[in-house]
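Q: Below are the C-alpha cells for one structure; questions will follow.
The values are calculated or read from the model by the stated rules, or taken from the named source; none is laboratory data. None of these values were measured; they are calculated from a predicted model. Note that each Cβ is placed from the backbone with ideal geometry, even for glycine, and that neighbours are counted across all protein chains shown.
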Amino acid sequence: MPTAAEMIVEFLAQQGVDRAFCVPGESYIALLDALHAHNRLDLVTCRTEGGAGFMAVADAKLTGRPGVVLVSRGPGACNASIAVHTAEQDAVPLILLIGQVEKRDLRRNAFQEIDYANMFRGVAKWVGEATDASQVPELIARAYAMAMGGVPGPVVLSLPEDILAEECTAPMLAATLPRSAPPMPEDVARLAAMLRAAERPILLAGHGLDTPGGLDGRAALAAFAEAWELPMAVSFRRQDLFDNTHALYAGDLGLRNPDAQRAAFAEADLVVALGTRLTDITTQGWTWPAAGQRLVHVCADPRFLGWLFPAELALNVDARALLAAMRAEKPAAPAGRSGWCASLRALHVADCGVKPRELPDGVAFAEVAKLVEATVAPDAIVTLDAGTFGAPFYRKVAWRPGQRLLVPISGAMGFGMPAAVAASLRCPGRQVIGCVGDGGALMTGGEFAVGVARGANMKMLLSDNGSYASIRIHQEKAHPGRVSGTTLVNPDMAAWAAAFRAPITTVHDNSELPKLAEALNAPGPGAIVVRTSLQAVLP
C-alpha cells in the first residue's frame, strides 16, 4: 500500500511535473524518501527556501505547469512566502508543499506550528491541510486544479509529517482542470465590428498570452495584431510577449512611461486588453484607460472584470480562445490606422536610444544592457532581479521572438539568480544570463552554487554600485542630499563570485566592455562583475 507521500509524487509525475525544488526538513522526511524511491522527479536542493520558491516560479514560467517547492514548517514556510506572493502577482501556477507538525499537535501552538490558512489567505488562491492520509489524493488533485485554473496562481498544501508516512487507502484521482467556455459568437462579432470602426485602437497583452508549447499565446498574438493592423503594447514587465523590433510594437505599460507616450495612449479610441488584470502599474496608476475611452477587457477570471475600469465588452474567456475565434472574422481597418501605428512606434523608438558616457564611478548599466542585446543568442533566456540596474532591459533592449525575459512582476529582490539556475536546468542547450544587483546578489546569490554544481550553462552578470539604487533615487527626489539606509558596503564582489569556482570576468570602465561579450558566450557557468555607475542613475 503506498504512503500518502508516495501518492503525491505519483500524482505530480502523472501530470508531467518532472522537477521539484526544496530545502530539506524533518517535517516532510517521508516525502523526500518517496522522491528517492520513485525517482520520477528531479529534486533540486537549494540554499534558501526563498531561492527554492523563486526557482519553482521561473520553472513554471517556462513550462506552463505548476512549479513545485517543498519546505519545512514554520521558518521554512515563512522564507518561502516571498515566492507565493511573487507567483500571485505574476499569475504563475505554484504548488507549495509544507511539512506540518504532527496531526495531534495541530492548532496547539506546537514547535514551529503556523496556521497556514490564516498565514497565506491574502496571497494564495487556495490553502489546504490534510488531517487524514485518505484526504491526500483529493487535496493534491485540487491543489493542481486550483493552481492552473482561470488566472494561474499559487496554492499551499499543509501536510502533517505523520500523515505523509501513513499508508493511503484512497484511490488516485485524475487532474480535472476546468475548461473555459468559448467566447460567444455574438461577442466575437461585436469585437470585430469595434475593431473595424476604430481609428486609433491599442492592443494590450498580458499574462494570458504568456503560454508555451502547443497553445502558444505569443504566436497567436502576433498573427492577430498583424491581421488587424493593431499597435501592440504589453503590460508591466511582459516585454517578451511580442517582437520588440516589429513595426506594430508600441512599447510597454510600466514604471515612469514618457509623458509623450502616455498622452498618445490617452488618445486611443479603443483599448483591447487581452489576458491582463489591469493592475496599477499597467494602468499607469489607475488612470488608463481613461474615462471616455472604449474598453474591451478579456480575462479568464471574472473577479478582475468591471473592477475600477468598466468595460463596454467584458469577456470571461481565455485570451487565446478569443484569438482563435477571431480568425473567422474578416479583418479591416480605417485608412488612418497606419499613421496611428507609425506614430506610436516612433514614440517608443525615440525612448530606446542609449548615448555612451564616460563616468568617473563606473559603467552606465544601460550600455551593458545594450551590449547584452547585441550579444545574446536568438533563443537566449535572460533573468532579472528587481532594481534600477534592470530598467534598461525593459525600455532600451529590443526582445525578439524566441528570447525569454524572466522577471518578477512583483518586484521581488532575489529573483534573478534562482531564476537563472532554474532556466539553465530546464533549458540546458540555451544561453542563460542572470542579471543581478549587489543588493539582490547577497540575498539569494548563494543559489549560484546550485547551478555551478550541476555544470549549468549560466552566467551571473552582477551590477556593483554599492547602493540600493532604486530607493536612493526616490530618496534624492523626496529628500535631496539626505542619504539614509541606502548605502551598501560590499565585500570584494569578484572574490565572492570566484569562491563558487567558476570563471570570473571584471569590468571597471567602458574600455573593458569588450571582455563582457566574450565572457557571456563562453561555455559553462561563469560570472561577470561590472563596476556600475551610481551617478548615471541618480536624478
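Q: LEU248: touching a residue at least 40 places away in the same chain (Cβ under 8 Å) and in contact with a Pro (Cβ under 9 Å, 6 or more places away or on another chain), yes or no?
A: Taking the combined requirement at face value, the residue satisfies it.
Q: I'm checking my understanding of the structure. Among residues of the stretch 432-455 that are surrounded by fewer than 21 Cβ atoms within 10 Å (Cβ to Cβ) and not charged (D, E, K, R), which one is nearest to VAL537 (Cα to Cα)?
A: The residue in question is LEU442.
To keep it simple, each residue is scored yes or no on (1) more than 21 Å from ALA220 (Cα to Cα); (2) charged (D, E, K, R); (3) touching a Ser or Thr at 6+ places or on another chain (Cβ under 6 Å).
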site: PRO310; (1), (2), (3): yes, no, no
site: ARG320; (1), (2), (3): no, yes, no
site: ALA325; (1), (2), (3): no, no, no
site: PRO331; (1), (2), (3): no, no, no
site: ALA335; (1), (2), (3): yes, no, no
site: LEU344; (1), (2), (3): yes, no, no
site: ASP351; (1), (2), (3): yes, yes, no
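Q: Right, another one. Do you know which residues across the stretch 155-200 are surrounded by 17 or more Cβ atoms within 10 Å (Cβ to Cβ) and among the charged types (D, E, K, R)?
A: Within the stretch 155-200, GLU161, ASP162, GLU166, ASP187, ARG200 qualify.
Q: Kindly indicate which of LEU520, LEU534, LEU516 is in contact with an Asp or Glu (Cβ under 7 Å, 6 or more places away or on another chain), of a type in the set (A, V, I, L, M) and over 15 Å from ASP385 (Cβ atoms).
A: LEU534
Q: Just checking, how many residues over the stretch 150-179 are assigned to a loop (DSSP other than H, G, I, E, B), closer than 21 Å to GLN15 by Cβ and of a type in the set (Val, Ile, Thr)?
A: Count: 2.
Q: While we're looking at this one, here's another question. Taking the condition at pLDDT 95 or above, part of a loop (DSSP other than H, G, I, E, B) and not assigned by TED's automatic domain parsing to the domain that holds SER134, does GLU199 pass?
A: Considered against the rule, which asks whether it is at pLDDT 95 or above, part of a loop (DSSP other than H, G, I, E, B) and not assigned by TED's automatic domain parsing to the domain that holds SER134, GLU199 comes out as yes.
Q: Determine if the stretch 456-464 includes at least one residue that is under 24 Å from THR375 (Cβ atoms) and either out of contact with any helix residue (DSSP H, G or I) (no Cβ under 7 Å at 6 or more places or on another chain) or of a type in the set (Lys, Arg) (or both).
A: Checking the stretch 456-464: at least one residue is under 24 Å from THR375 (Cβ atoms) and either out of contact with any helix residue (DSSP H, G or I) (no Cβ under 7 Å at 6 or more places or on another chain) or of a type in the set (Lys, Arg) (or both).
Q: Quick check on my filter: what residues within the stretch 210-242 are under 16 Å from the mean Cα position of the chain (by Cα) and either assigned to a helix (DSSP H, G or I) or not aromatic (Phe, Trp, Tyr) (or both)?
A: The answer is ASP210, THR211, PRO212, GLY217, ARG218, VAL234, SER235, ARG237, ARG238, GLN239, ASP240, LEU241.
Q: Follow-up question, since we're still on this one. Can you name every one of the helices (runs of 4 or more DSSP H) wholly within the stretch 313-419 that holds 3 or more residues which are within 19 Å of the chain's Cα centre (by Cα)?
A: Those helices (runs of 4 or more DSSP H) span 391-395.
Yes/no matrix, rows are residues, columns are (1) crowded, with 22+ Cβ neighbours inside 10 Å; (2) touching a residue at least 60 places away in the same chain (Cβ under 8 Å); (3) out of contact with any strand residue (DSSP E or B) (no Cβ under 7 Å at 6 or more places or on another chain):
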residue	(1), (2), (3)
MET1	no, yes, no
GLY16	no, no, yes
CYS22	yes, no, no
GLY25	yes, yes, no
ARG40	no, no, yes
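Q: Considering the stretch 238-254 alone, what residues qualify as being under 17 Å from TRP288 (Cα atoms) and either surrounded by fewer than 24 Cβ atoms within 10 Å (Cβ to Cβ) or outside the structural domain of THR287 (by TED's automatic domain parsing) (or both)?
A: GLY254
Q: Residues being under 24 Å from ALA374 (Cα atoms) and either surrounded by fewer than 20 Cβ atoms within 10 Å (Cβ to Cβ) or among the aliphatic types (A, V, I, L, M) (or both): count how many of those fall in the stretch 405-419.
A: Total meeting the criteria: 5.
Q: Taking the stretch 92-112 on its own, how many of its residues are under 19 Å from ALA133 (Cα atoms) and modelled with pLDDT under 95?
A: The qualifying residues number 8.
Q: Given the conditions (1) out of contact with any Cys (no Cβ under 8 Å at 6 or more places or on another chain); (2) farther than 17 Å from ARG426 by Cα, and given that VAL23 satisfies all but one, which numbered condition is not satisfied?
A: VAL23 satisfies every listed condition except (1).
Q: Out of the residues in the stretch 420-431 meeting the condition of being surrounded by 24 or more Cβ atoms within 10 Å (Cβ to Cβ) and of a type in the set (A, V, I, L, M, F, W, C), tell me which one is farthest from the chain's Cα centre (by Cα).
A: Filtering first and then ranking leaves VAL421.
Q: In the stretch 105-133, which residues are small (Gly, Ala, Ser) and surrounded by fewer than 17 Cβ atoms within 10 Å (Cβ to Cβ)?
A: Result: ALA110, ALA117, GLY122.
Q: Next question, about the same structure. What residue, of ALA328, ALA314, ALA300, ALA346, is among the aliphatic types (A, V, I, L, M), within 21 Å of ALA264 (Cα to Cα) and assigned by TED's automatic domain parsing to the domain that holds ALA219?
A: ALA346
Q: Which of the residues that make up the stretch 378-395 are at pLDDT below 95, surrounded by fewer than 23 Cβ atoms within 10 Å (Cβ to Cβ) and either within 28 Å of PRO523 (Cβ to Cβ) or assigned by TED's automatic domain parsing to the domain that holds ALA56 (or both)?
A: Answer for the stretch 378-395, where residues must be at pLDDT below 95, surrounded by fewer than 23 Cβ atoms within 10 Å (Cβ to Cβ) and either within 28 Å of PRO523 (Cβ to Cβ) or assigned by TED's automatic domain parsing to the domain that holds ALA56 (or both): just PRO392.
Q: Here is a further query. Return yes when GLN89 is of a type in the set (S, T, N, Q), modelled with pLDDT under 95 and not assigned by TED's automatic domain parsing to the domain that holds THR276 and no when it is not.
A: no
Q: Mind checking which residues of the stretch 379-420 are closer than 20 Å to VAL537 by Cβ and among the hydroxyl-bearing types (Ser, Thr, Tyr)?
A: Within the stretch 379-420, THR388, TYR394 qualify.
Q: Scan the stretch 486-539 residue by residue and report those that are surrounded by 14 or more Cβ atoms within 10 Å (Cβ to Cβ) and of a type in the set (Asp, Glu).
A: ASP509, GLU512
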